[in-house]
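Below you'll find the structure, written out as structure tokens, and then a few comments.
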Amino acid sequence: MVIAGRAPCYLVVFHSGGRELTAIIPPTYLGSSFRASCRRMLEEVLVPAGFGVERPTLPVKLLAVRTGLGEYGRNDLCYVPGMGSFARLEAFITDADLVDGNSAVALDSGVRAAHVRMGSCSTCSSCHWACPTRCIPSDATLINAERCLTYLNENEGPWPDWLGRGSHNSLLGCMRCQEICPVNRPYLADPEIVAEFDDAETDVVLQNLRQDLLPDVIRAKLAALDLDDYSTVLGRNLLALMGPAGTGKE
Ligand code: SF4
Ligand code: SF4
């Protein structure tokens, strides 16, 4: 079972040296409450009937596209009708037999046919031009994932020499190809501020500490944002957003 739910962007405010920086978090990061509510709903129906529900590690974007729930954009994101790319995806398995024979045949043929790019991309290349790392080709099927900012800023290490300073735009990941996409226009909304870090807390974040070395209060704050797994890169990313001086508002 593949499930999609609306996933807006969020903002986090950091204070440093009397100045503040408001950083955006793209739609896919804050997802644990959606995951928990999906699981709870499925268990409420299936467990009393004698069936199990599990959430194994699965390539959910690929599953969503192959089962017809969404389509790939040129930026390799999954677009879901009514949500655009602002969709949180979850996949679960069950031993319940949910598909009758005829539907199984229809589903099987749908799986084979569904791996296609959405029609809007055939006359559009806005994301190709907006991408700060030029990793979205105009003529190939897949993006160059190792040049995507999301890959670069989710992983530890120095920025590559070719990456321009002005490329950074989010605390994690990148919003450029989603903001510019005309398919997303109806779903763009003003993001809500979900957390604020004072000077002392920002100083801790800037140290890129491992989770087990974080003070409890910071670990809890990052966990509430589903960012605790990224504690070793958030400070580096934040500095990049703050600009060359290391502080200030972009
Ligand atoms: S910006 Fe244009 S080409 Fe890129 S995903 Fe959206 S519709 Fe497709
Ligand atoms: S997330 Fe950013 S870097 Fe990655 S493909 Fe989209 S615009 Fe390019």
Residue set Val205, Val217; condition open to solvent by 70 Å² or more (accessible area, probe 1.4 Å), modelled with pLDDT of 95 or more and more than 16 Å from the chain's Cα centre (by Cα); output residue Val217
Can you work out which of the residues in segment 128-170 that are hydrophobic (A, V, I, L, M, F, W, C) and within 15 Å of Leu238 (Cα to Cα) is surrounded by the most Cβ atoms within 10 Å (Cβ to Cβ)?
Leu149
Looking at this structure, is Asn169 away from ligand 2 (no atom under 16 Å from the Cβ), at pLDDT 95 or above and of a type in the set (S, T, N, Q)?
no
For the structure I just gave you, tell me whether Glu179 is within 10 Å of ligand 1 (Cβ to nearest atom) and modelled with pLDDT of 95 or more.
yes
Scanning segment 50-77 residue by residue, the ones that are outside any loop (DSSP other than H, G, I, E, B), more than 16 Å from ligand 2 (Cβ to nearest atom) and touching a residue at least 12 places away in the same chain (Cβ under 8 Å) total 8
Return yes when Pro81 is under 25 Å from Ala145 (Cα atoms), within 16 Å of ligand 1 (Cβ to nearest atom), free of Cβ contacts under 8 Å to residues at least 12 places away in the same chain and open to solvent by 50 Å² or more (accessible area, probe 1.4 Å) and no when it is not.
yes
Flag for Gly173 being at positive phi and surrounded by 13 or more Cβ atoms within 10 Å (Cβ to Cβ):
yes
Taking only segment 7-49 into account, find how many residues are part of a helix (DSSP H, G or I), more than 12 Å from Val194 (Cβ to Cβ) and not acidic (Asp, Glu).
12
Quick one: is Ser32 within 23 Å of Pro8 (Cα to Cα), in contact (Cβ under 8 Å) with a residue 24 or more places away in the chain and exposed (fewer than 15 other Cβ atoms within 10 Å of the Cβ)?
yes
Could you check how many residues of segment 173-196 are more than 28 Å from Lys221 (Cα to Cα) and under 15 Å from the mean Cα position of the chain (by Cα)?
2
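The values are calculated or read from the model by the stated rules, or taken from the named source; none is laboratory data. Note that the coordinates shown come from a computational prediction; the quantities given were computed from them, not determined experimentally. When we count neighbours, we look across all protein chains shown, and the Cβ atoms used for this are built from the backbone with ideal geometry, even at glycine. Side chains included, ligands, DNA and RNA excluded: accessible areas come from the protein's heavy atoms. Shrake-Rupley method; radii C 1.70, N 1.55, O 1.52, S 1.80 Å.
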